[in-house]
Amino acid sequence: MDFNRERYNRQVLLKDFGEQAQLKLLNSSVLVIGAGGLGVPVLQYLTGMGVGKIGVMDHDTISENNLHRQVLYATDEIGSSKARVAVERLKRLNPDVEFLCFNEQLTVNNALLIISLFDVIVDCTDNFQTRYLINDACVILNKPFVYGAIHQYEGQVSVFNYQGGATYRCLFPAAPENGVVADCNANGVLGVLPGIIGCYQANEVVKVIAGIGEVLTNKLLTIDTLNNKQSVFKFQPKQENQNITQLRSDDYKTLCSSTLMSITPLELAQKLALNEALQLIDVREQYELVYCEIESAVHIPLREIRMRVGELDPMNPVVLICHHGIRSRIACEELLSKGFTTVYNLEGGIDRWAREVDNSLQLY
Amino acid sequence: MDFNRERYNRQVLLKDFGEQAQLKLLNSSVLVIGAGGLGVPVLQYLTGMGVGKIGVMDHDTISENNLHRQVLYATDEIGSSKARVAVERLKRLNPDVEFLCFNEQLTVNNALLIISLFDVIVDCTDNFQTRYLINDACVILNKPFVYGAIHQYEGQVSVFNYQGGATYRCLFPAAPENGVVADCNANGVLGVLPGIIGCYQANEVVKVIAGIGEVLTNKLLTIDTLNNKQSVFKFQPKQENQNITQLRSDDYKTLCSSTLMSITPLELAQKLALNEALQLIDVREQYELVYCEIESAVHIPLREIRMRVGELDPMNPVVLICHHGIRSRIACEELLSKGFTTVYNLEGGIDRWAREVDNSLQLY
Amino acid sequence: MSYTVLLFGVTKDIIGSSVYCPNDEFYTVGHLREHLYQSFPLLQKLNSLMIAVNMNYAEDHIMLSSTDEIALIPPVSGG
Amino acid sequence: MSYTVLLFGVTKDIIGSSVYCPNDEFYTVGHLREHLYQSFPLLQKLNSLMIAVNMNYAEDHIMLSSTDEIALIPPVSGG
């Protein structure tokens, strides 16, 4: 294959890169989901380095308060589509690249089709819903994806689902409740932070495509820009997270509440009165049961839950119960990480249940 | 002072940043020397974040083989001045910023004047001559400067001359001989590497100006993009490197050969024959002198050279001599790090001298 | 036995510091997790909270010793 | 006593590896430097070559022990 040798001369000269790696880049396709703080540097450098086909996906328009970190855009472009402006600008940087412009949101309806068109996906989004959707679609389609995320002065980078490696769910099985981890819009962010993290993401994309260096698979890179401390944490793939076969039908909109939900004693009493099919699991120790218990609950102490998870049906709702609602929450996470779809934590535990629902029970 | 609250909203929201730090940025001035691989991300993010006045200095024009890493420029701008195109483009990103365009090289004639106009200097150059010139001018004018440099897949970042901290010469007292450390044009460079290093430089500029976080003073950050390994090396300021009072008159063009020079036995014999004022220092051990020595040489063993440096005149040329020219080179570096201006290493040592100049000497 | 727990992301905001040094002893990661959830109930709402011991993801049954380097790494969403 | 010397920048190219494990013993940084200059004469032409011991810039008189982490950091010019 022939290519513009003058344009890529400085990479072809590079030790352990050369013509071969450059050709791999030119023959590859990458989808960048999100053309904001992280997406801008990823797009700029992937375009410059000569990825053959780049998908630019963003449904948003340019706002003035984007410009301190989304440095591809101009003040006179406020109100225009990010994806369209980015493609227009990037074409001028490198006309060799074929761009596909997706001026839309990633949804359960388009995710599998669009992601299937590309070799590598880059997660430059700013919300958990889309991050879990990208993860699940990439697992289903067996595509590696390069993850980046930022918070105030800190960033995270990893490569998920690469050659059988760990996925996003192996690191974070369930999304936080809404509002606990605010995004850049609520927390603020230093303009240059997404520049650093996005450049690291682009670097991982090149490694995955060109086969150079060590890819950040099964590793999470964290960077703190205030003190320049960097850490690399290792983690393992979990088989159950590879078993995803379809996307969630709720479009990941109720992601948080549909995964780990809290239930109050009164709400639980109502559901039980309506005979809803619930698996009640009491995770306290044997000696605690003598004080009080809920009749229909099965007893599996917290420390046994990992081994005895097979006794439960992952497709039907589970309610986890302990003394004050703390240990049961840990059990919830354990079940969520094993692929359970609906898991409730009884708020306040059997103590609050005894106070609010069943006064006959003994407190301890 | 009033400012565009909408544009900087996401930084003003940021914990430990707020309005105060934003105002410091808006009231500051930064000179970016070099608008190439490192300069582009530095300029983009400093402009986005709202540095009040930015000097853009580069005498070069845009080439096609720049574009894989200098992602601010467009293919249709090949041949245009980097500084002019950059300023034009950056004004559209943030019209609040006042730009000063220096479409010229930094030289001993303009360095002090131009650097004196700014609070912080960013070294984004690609050659040792300009790096030493920037260092010396910043020391003379007492300006902090943020250093970045790249080599193949690796980068270095530091902040020099900040609040009495170490300078570039404290880390690297003398420049390499020409051609030993080739630049990006000869070695090649991965497009995204200057993106990472430049973003780290911009981050340090913000810390210096806004007074947040830990500045990389007396520390060298190294980053290897192939394995994501990062190291921070500590070093100390050396008083003698603060004593620079004027720039070199040779415009730093003969930087390398005028600092650590090699001299062959024949060349030395000629100089001695012409009665040039040379300080000959033999750094061998006492027991070696019995075999042979050069008559006019003063004996200071290598291990004593640090303590006895006061016996030598730093303003006059010194020739260092040992057995084979290895120990004497270490002595040369020691003297250069102490501010000696002209230091020669006798190539091949007294052994070669005995073979080529004075056959009467005993070899050992 | 005492620990220094390095905090990342929003756990810094929730706990109000960049390191956390609990007075109690914990035999396993699960005990530490329970203590953290009880002391800082907002942490529970993260739903996922990676605890790393000596730079490795640690399941709740992993035993702790006082020389371990412990870190709390929460999910991060910004982009 | 043996050392592992981590190599940075152009020293990787000159020595032809990313780590260097000399067979000899060295009492000081200066002895190591002399050995390196003799074994790889191109290193001399760097004129400046920072040797770091345990992440600190080490002057030539610093004593070495076999557990030290040693690194060679040359000047870098690219931009």
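When you go through A:Gly36, A:Gly48 one by one, which is the residue that is at negative phi, within 21 Å of the chain's Cα centre (by Cα) and small (Gly, Ala, Ser)?
On the way: A:Gly48 fails: within 21 Å of the chain's Cα centre (by Cα).
From the options A:Gly36, A:Gly48, the qualifying one is A:Gly36.
Across segment A:40-84, which residue is surrounded by the most Cβ atoms within 10 Å (Cβ to Cβ) among those that are in contact (Cβ under 8 Å) with a residue 60 or more places away in the chain and of a type in the set (D, E, K, R)?
Out of the qualifying residues, it is A:Arg69.
How many residues does segment B:55-83 contain that are hydrophobic (A, V, I, L, M, F, W, C) and in a helix (DSSP H, G or I)? Step through it out loud before you land on a result.
Step one: list which residues in segment B:55-83 are hydrophobic (A, V, I, L, M, F, W, C), which gives B:56-57, B:62, B:67, B:71-72, B:74, B:78, B:83.
Pick out the ones that are also in a helix (DSSP H, G or I) and you get B:83.
Adding up the residues that qualify gives 1.
Please enumerate the residues belonging to segment D:47-58 that are at the interface with another protein chain (Cβ under 7 Å from one of its Cβ atoms) and under 12 Å from the mean Cα position of the chain (by Cα). Talk me through it step by step, then tell me what you get.
Start the filter on segment D:47-58 by keeping residues that are at the interface with another protein chain (Cβ under 7 Å from one of its Cβ atoms), which leaves D:47-48, D:50, D:52, D:55-57.
Passing the criteria: D:Ser48, D:Met50, D:Ala52, D:Tyr57.
Select from segment D:66-79 the residues that are in contact with a strand residue (DSSP E or B) (Cβ under 9 Å, 6 or more places away or on another chain), at pLDDT below 95 and more than 10 Å from chain B (Cβ to nearest Cβ) and list them in ascending order.
D:Asp68
Say whether the condition of being without any contact (Cβ under 8 Å) to a residue 60 or more places away in the chain, part of a loop (DSSP other than H, G, I, E, B), among the hydroxyl-bearing types (Ser, Thr, Tyr) and open to solvent by 10 Å² or more (accessible area, probe 1.4 Å) is met by at least one residue in segment A:95-112.
no
Given the structure, is B:Glu64 over 17 Å from B:Tyr147 (Cα atoms) and either at the interface with chain A (Cβ under 8 Å from one of its Cβ atoms) or not acidic (Asp, Glu) (or both)? Steps first, answer last, please.
Working: over 17 Å from B:Tyr147 (Cα atoms): yes; either at the interface with chain A (Cβ under 8 Å from one of its Cβ atoms) or not acidic (Asp, Glu) (or both): yes.
Considered against the rule, which asks whether it is over 17 Å from B:Tyr147 (Cα atoms) and either at the interface with chain A (Cβ under 8 Å from one of its Cβ atoms) or not acidic (Asp, Glu) (or both), B:Glu64 comes out as yes.
Answer yes or no as to whether A:Glu347 is of a type in the set (Asp, Glu) and in contact with a Gly (Cβ under 6 Å, 6 or more places away or on another chain).
It is true that A:Glu347 is of a type in the set (Asp, Glu) and in contact with a Gly (Cβ under 6 Å, 6 or more places away or on another chain).
What number of residues in segment C:28-72 are in contact with a helix residue (DSSP H, G or I) (Cβ under 8 Å, 6 or more places away or on another chain) and under 20 Å from C:Lys12 (Cβ atoms)?
18
Just to verify a result, which residue in segment B:207-248, among those that are of a type in the set (S, T, N, Q) and in a helix (DSSP H, G or I), is farthest from the other protein chains (Cβ to nearest Cβ)? Show your work before the answer.
Taking segment B:207-248 first, the residues of a type in the set (S, T, N, Q) are B:217-218, B:222, B:225, B:227-228, B:230-231, B:236, B:239, B:241-243, B:245-246.
Okay, now just the ones that are also in a helix (DSSP H, G or I), so B:239, B:241-242.
Values: B:Gln239: 14, B:Asn241: 12, B:Gln242: 17 Å.
The qualifying residue farthest from the other protein chains (Cβ to nearest Cβ) is B:Gln242.
So, in segment D:23-41, how many residues would count as being surrounded by 15 or more Cβ atoms within 10 Å (Cβ to Cβ) and at pLDDT below 90?
Number satisfying all stated conditions: 1.
Could you grab the pairs with beta carbons closer than 7 Å, sequence gap of 6+ or different chains, first residue in segment B:223-245 and under 21 Å from B:Gly198 (Cα atoms) and in contact (Cβ under 8 Å) with a residue 60 or more places away in the chain, second one part of a loop (DSSP other than H, G, I, E, B) and among the hydroxyl-bearing types (Ser, Thr, Tyr)?
B:Asp224/B:Tyr153; B:Thr225/B:Tyr153; B:Leu226/B:Tyr153
Take segment A:16-52 and flag every residue that is touching a strand residue (DSSP E or B) at 6+ places or on another chain (Cβ under 6 Å), assigned to a loop (DSSP other than H, G, I, E, B) and of a type outside the set (Val, Ile, Thr).
A:Ala35, A:Leu38
Just to confirm my filter: which strands (runs of 3 or more DSSP E) fall fully inside segment A:113-182 and include at least 3 residues that are open to solvent by 10 Å² or more (accessible area, probe 1.4 Å), more than 7 Å from chain C (Cβ to nearest Cβ) and out of contact with any strand residue (DSSP E or B) (no Cβ under 6 Å at 6 or more places or on another chain)? Full working, then the answer.
Details: elements: A:120-123, A:145-151, A:154-160.
Of the strands (runs of 3 or more DSSP E) lying wholly inside segment A:113-182, none has at least 3 residues that are open to solvent by 10 Å² or more (accessible area, probe 1.4 Å), more than 7 Å from chain C (Cβ to nearest Cβ) and out of contact with any strand residue (DSSP E or B) (no Cβ under 6 Å at 6 or more places or on another chain).
When both residues are 6+ apart or on different chains and their Cβ atoms are under 9 Å apart, which pairs have a first residue that lies in segment A:259-278 and is free of Cβ contacts under 8 Å to residues at least 40 places away in the same chain, and a second that is open to solvent by 70 Å² or more (accessible area, probe 1.4 Å)?
What qualifies is A:Gln270/A:Glu276; A:Leu272/A:Ser296.
Any residue in segment A:351-361 that is at pLDDT below 90 and either open to solvent by less than 30 Å² (accessible area, probe 1.4 Å) or of a type outside the set (S, T, N, Q) (or both)? Write out each step before concluding.
Keep residues of segment A:351-361 that are at pLDDT below 90, which gives none.
No - not one qualifying residue is present in segment A:351-361.
Looking only at residues that are part of a loop (DSSP other than H, G, I, E, B) and not hydrophobic (A, V, I, L, M, F, W, C) in segment A:183-206, which one is surrounded by the fewest Cβ atoms within 10 Å (Cβ to Cβ)?
Keep residues of segment A:183-206 that are part of a loop (DSSP other than H, G, I, E, B), which gives A:183, A:188, A:190-192.
If we keep only those that are not hydrophobic (A, V, I, L, M, F, W, C) as well, we get A:183, A:188, A:191.
Numbers: A:Asp183: 18, A:Gly188: 21, A:Gly191: 28.
Checking each candidate, the answer is A:Asp183.
Inside segment C:19-28, can you point out the residues that are out of contact with any His (no Cβ under 7 Å at 6 or more places or on another chain) and under 17 Å from C:Met50 (Cβ atoms)?
Within segment C:19-28, C:Val19, C:Tyr20 qualify.
Is it fair to say B:Gly18 is open to solvent by 10 Å² or more (accessible area, probe 1.4 Å), at pLDDT 95 or above, of a type outside the set (Val, Ile, Thr) and more than 30 Å from A:Leu46 (Cβ to Cβ)? Even if it seems obvious, please write down each step before you answer.
Numbers: open to solvent by 10 Å² or more (accessible area, probe 1.4 Å): yes; at pLDDT 95 or above: no; of a type outside the set (Val, Ile, Thr): yes; more than 30 Å from A:Leu46 (Cβ to Cβ): yes.
Considered against the rule, which asks whether it is open to solvent by 10 Å² or more (accessible area, probe 1.4 Å), at pLDDT 95 or above, of a type outside the set (Val, Ile, Thr) and more than 30 Å from A:Leu46 (Cβ to Cβ), B:Gly18 comes out as no.
If A:Asp2 satisfies every condition in (1) within 7 Å of another protein chain (Cβ to nearest Cβ); (2) at pLDDT below 95; (3) not in a helix (DSSP H, G or I) but one, which is the exception?
(1)
Would you call D:Ser17 within 10 Å of chain B (Cβ to nearest Cβ) and part of a loop (DSSP other than H, G, I, E, B)?
On the way: within 10 Å of chain B (Cβ to nearest Cβ): no; part of a loop (DSSP other than H, G, I, E, B): yes.
Judged against the criteria, D:Ser17 is not a match.
Give, as residue ranges, the strands (runs of 3 or more DSSP E) completely inside segment A:268-346 that count at least 1 residues that are open to solvent by 20 Å² or more (accessible area, probe 1.4 Å), out of contact with any helix residue (DSSP H, G or I) (no Cβ under 6 Å at 6 or more places or on another chain) and more than 14 Å from every other protein chain (Cβ to nearest Cβ).
Working: elements: A:279-282, A:318-321, A:343-346.
Output list reads A:279-282.
If you check D:His61, D:His35, which single one turns out to be in a loop (DSSP other than H, G, I, E, B) and either within 11 Å of another protein chain (Cβ to nearest Cβ) or closer than 30 Å to B:Gly34 by Cα (or both)?
Values: D:His35 fails: in a loop (DSSP other than H, G, I, E, B).
Result of the check over D:His61, D:His35: D:His61.
The values are calculated or read from the model by the stated rules, or taken from the named source; none is laboratory data. Only a predicted model underlies this, so the values are computations on that prediction, with no experimental measurement involved. Backbone-built Cβ (ideal geometry, glycine too); neighbour counts: all protein chains shown. The protein model used for the area step is the full one, side chains on, heavy atoms only, and it has no ligands, DNA or RNA in it. Shrake-Rupley method; radii C 1.70, N 1.55, O 1.52, S 1.80 Å.
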